[in-house]
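What follows is a single structure, written as structure tokens, with notes after it.
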Amino acid sequence: MSMGKVARFMGGMVAAVAALGVAASAYAQEKKLKIGVVYDLTGPLAGGGSELQYIGAKIVLDQFTKTGVEGYKIEAIYADAQSKPDVAINEAVRLVEQEKVDMLLGFYSSAQCVPVAARVEQLKKFMWITTCISSAVLENRNLKYVFRAQPSGQQFGLMTMDFINQNAKEKLGKEPKDLRVAIIHEDGAYGVDVSKGNEAGAKKAGFNVVLKEGYSATAPDLSALVTKLKRARPDVVFHTGYNPDITLLLRQAREQGLKFQALVGHGAGYGVYEKLKEGLGKDVNYFFNTDPISIWLTNEKTLDPKLPPEIKFVGEEFDKVKPGVAIRSAHVGMAASNTFLFLTDVLPRAIKKYGGIDSEALRKAALDTDIPEGGTMLGFGVKFEGEGQPMAGQNDRGFPVIIQYVDDKSYVVWPKSQAMREAVLPLPAGTTYSNK
């Protein structure tokens, strides 16, 4: 072979090797996790908190889209459940079968999560729930691929009853057995579950339950329920609802002159202060809400040191999307924290320890999660119940807190270990619903 031919041959070999290198590099870059993200961007649930959850999840997903995780590119594909369970199921299936997503993340409404979880389990896809607090999503279903970091609805209901029980005599001037309480709730999976916790907590405290009633969150008129509340004369109203049903109920309560000593809400619509204020004005002052803590109210000294900078980042990004909001909703931080938890704890372990991102690897990685209190932006730890346990897929270390809205600010008032100030109980004289 002449020198010219050798040179050409060698040049061709170099080009071929280079081409292979480019192909290999392209292949390496193609490692990708496709996440189907489902929230309600339209319909009543959007304003009730689902859109805020979407914003929180998207802030964190966008952050990791830029950096990737352990050599995998992150690609999020978003879908609108339109506040309808059937649409949520159809979108979940579409994302899996047509968009070929590797997993699903998000979901706000328990009424959607109950059927969606069953369908996703059938498809053997991994589902990471950021909200959907109803116990019915997981209880006695032995789901293998569905995980939820949130505390359950019954924990919400039990906590609020304990809070009032501990304060009944000192602040409301009544023995628990003499305290009249009403439990009202939207009649979907979320409301029913919280009300079960309320009922169990009321029984434990020895309260006099004068009314327990569910209603449809889409009801156009709740005046009949208000009439029943007026007849029942509760000292404390425990309410679980979305919005606009909360606004409708309380506007009609104002019109009919319903009075009480305290109103205690349980997440969802009560976690969106801007909407409450928009619908009810100054009447929202001194309302209570039960939810995982707002990430902007957690005591930074008790958190893993890597978390405060992330909390600051999420807040700054949220302010760009929704400037001028008086109180950043806890919903934003819930979705942000639970999404961050998946991307920084579960996913890296799946890739490094279990060899990839298929449903089995993600499931095993989630079951290995063992985070102490203070290890998430929401302050709680994470350890999931495993197969064969009553709440397989549930985080046993999650807990809510009770906050009170006072003069356009929110303060943690319960439990005492997290409290920023004393609860204002009962409603001050002269406020719209006060019976003083």
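Summary table
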{"item": "Residue satisfying all of: in the stretch 27-55; of a type outside the set (Phe, Trp, Tyr), part of a helix (DSSP H, G or I) and open to solvent by 60 Å² or more (accessible area, probe 1.4 Å); nearest to ALA219 (Cα to Cα) among these", "result": "PRO44"}
{"item": "Matching residues, the stretch 373-396, being within 20 Å of PRO308 (Cβ to Cβ), open to solvent by 10 Å² or more (accessible area, probe 1.4 Å) and in contact with a Lys or Arg (Cβ under 8 Å, 6 or more places away or on another chain)", "result": "GLU373"}
{"item": "TYR405 being of a type in the set (Phe, Trp, Tyr), open to solvent by 30 Å² or more (accessible area, probe 1.4 Å) and either in contact with a helix residue (DSSP H, G or I) (Cβ under 8 Å, 6 or more places away or on another chain) or without any contact (Cβ under 8 Å) to a residue 24 or more places away in the chain (or both)", "result": "no"}
{"item": "Conditions (1) surrounded by 17 or more Cβ atoms within 10 Å (Cβ to Cβ); (2) over 23 Å from VAL401 (Cβ atoms): number failed by SER195", "result": "(2)"}
{"item": "Helices (runs of 4 or more DSSP H) lying entirely in the stretch 324-382 (those with 3 or more residues that are over 13 Å from the mean Cα position of the chain (by Cα))", "result": "347-354, 359-368"}
{"item": "Qualifying residue in the stretch 103-116 (condition: open to solvent by 40 Å² or more (accessible area, probe 1.4 Å), assigned to a strand (DSSP E or B) and in contact (Cβ under 8 Å) with a residue 12 or more places away in the chain)", "result": "no"}
{"item": "Lone unmet requirement of (1) crowded, with 17+ Cβ neighbours inside 10 Å; (2) at pLDDT 95 or above for SER135", "result": "(2)"}
{"item": "Count - residues of the stretch 147-192 that are over 25 Å from MET127 (Cα atoms), modelled with pLDDT under 95 and open to solvent by less than 10 Å² (accessible area, probe 1.4 Å)", "result": "1"}
{"item": "Any hit, the stretch 332-341, residues being closer than 20 Å to TYR39 by Cβ, modelled with pLDDT under 95 and crowded, with 23+ Cβ neighbours inside 10 Å", "result": "no"}
{"item": "LYS124 open to solvent by 10 Å² or more (accessible area, probe 1.4 Å) and in contact with a Ser or Thr (Cβ under 6 Å, 6 or more places away or on another chain)", "result": "yes"}
{"item": "Test for ASN142: is it among the polar types (S, T, N, Q), open to solvent by 10 Å² or more (accessible area, probe 1.4 Å), in a helix (DSSP H, G or I) and out of contact with any Pro (no Cβ under 8 Å at 6 or more places or on another chain)", "result": "no"}
{"item": "Condition check for ALA118: under 20 Å from ARG363 (Cβ atoms) and more than 17 Å from the chain's Cα centre (by Cα)", "result": "yes"}
{"item": "Unmet criterion (only one of (1) of a type in the set (A, V, I, L, M); (2) under 25 Å from ASP235 (Cα atoms); (3) assigned to a helix (DSSP H, G or I)) for ILE183", "result": "(3)"}
{"item": "Checking PHE207 against (1) within 25 Å of the chain's Cα centre (by Cα); (2) in contact (Cβ under 8 Å) with a residue 40 or more places away in the chain, the condition it does not meet", "result": "(1)"}
{"item": "Residue that is modelled with the lowest pLDDT, among those in the stretch 410-436 that are aromatic (Phe, Trp, Tyr) and either crowded, with 18+ Cβ neighbours inside 10 Å or not in a strand (DSSP E or B) (or both)", "result": "TRP414"}
{"item": "Residue check for LEU276: among the aliphatic types (A, V, I, L, M), in contact (Cβ under 8 Å) with a residue 24 or more places away in the chain and open to solvent by 10 Å² or more (accessible area, probe 1.4 Å)", "result": "no"}
{"item": "Subset of the stretch 219-270 that is more than 25 Å from GLN154 (Cα to Cα) and in contact (Cβ under 8 Å) with a residue 60 or more places away in the chain - its residue that is surrounded by the fewest Cβ atoms within 10 Å (Cβ to Cβ)", "result": "ARG254"}
{"item": "Test set (1) surrounded by fewer than 18 Cβ atoms within 10 Å (Cβ to Cβ); (2) at pLDDT 95 or above - PHE288 fails condition number", "result": "(1)"}
{"item": "Sole residue being in a strand (DSSP E or B) and either open to solvent by 40 Å² or more (accessible area, probe 1.4 Å) or closer than 23 Å to ALA268 by Cβ (or both), chosen from LYS73, LYS58", "result": "LYS73"}
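Residue by residue, here is whether (1) in contact with a His (Cβ under 8 Å, 6 or more places away or on another chain); (2) in a helix (DSSP H, G or I); (3) within 27 Å of THR376 (Cα to Cα) holds:
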{"position": "LEU250", "(1), (2), (3)": "no, yes, no"}
{"position": "ALA253", "(1), (2), (3)": "no, yes, no"}
{"position": "LEU258", "(1), (2), (3)": "no, no, no"}
{"position": "TYR270", "(1), (2), (3)": "yes, yes, yes"}
{"position": "GLU274", "(1), (2), (3)": "no, yes, yes"}
{"position": "GLU278", "(1), (2), (3)": "no, yes, no"}
{"position": "SER294", "(1), (2), (3)": "no, no, yes"}
{"position": "THR298", "(1), (2), (3)": "no, no, yes"}
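The values are calculated or read from the model by the stated rules, or taken from the named source; none is laboratory data. Here the structure is a predicted model, which is why all the values come from computation and not from measurement. With ideal geometry, Cβ positions are generated from the backbone for all residues, glycine too; neighbour counts draw on all protein chains shown. The area values use the complete protein model at the heavy-atom level, side chains included, leaving out ligands, DNA and RNA. Shrake-Rupley method; radii C 1.70, N 1.55, O 1.52, S 1.80 Å.
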